[in-house]
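So the structure is just underneath, and the comments pick up after that.
The values are calculated or read from the model by the stated rules, or taken from the named source; none is laboratory data. Predicted, not measured: the structure shown is a model, and the values here were computed from it. Positions of Cβ are generated from backbone atoms using ideal geometry, with glycine treated the same way; all protein chains shown enter the neighbour counts. For accessibility, only protein heavy atoms count, side chains too; no ligands or nucleic acids. Shrake-Rupley method; radii C 1.70, N 1.55, O 1.52, S 1.80 Å.
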Amino acid sequence: MLGFLLWNFPPAKIFMGDVGSGFLGLMLGLFSLETSYDKPTMWICWLILLGVFIVDASLTLARRAYLGQKNLSGT
């Protein structure tokens, strides 16, 4: 992730894409499940840490659905 951070400042030169971000989300989800299995009270920490991404993705999808947008360019 640090490699992408270094090259992703405006103007972005490299993108993680769907496969990279899907893999990263899957790994974070698995880490959260594993941690919560060992310590059941840790799920709230993961909810707080990942809440930013959950809210961002949810609001983006809701906005695009409301506006009828089907692609990233906004047209």
Compute the accessible area per residue over the range 1-70, keeping the other protein chains in place, probe 1.4 Å, unit Å².
89
From largest to smallest, what semi-axes in whole angstrom does the chain give when each is the square root of 5 times an eigenvalue of its alpha carbon gyration tensor?
27, 19, 10
Percent carbon-and-sulfur accessible area, the range 3-74, ignoring ligands, DNA and RNA, probe 1.4 Å:
73
On a 0 to 90 degree scale, rounded to 10, what angle separates helix 17-38 from the longest Cα axis of the chain?
20
Please give the charge dipole size of the chain, origin at the Cα centre, charges +1 on K and R Cβ atoms and -1 on D and E Cβ atoms. Round to the nearest 20 debye.
320
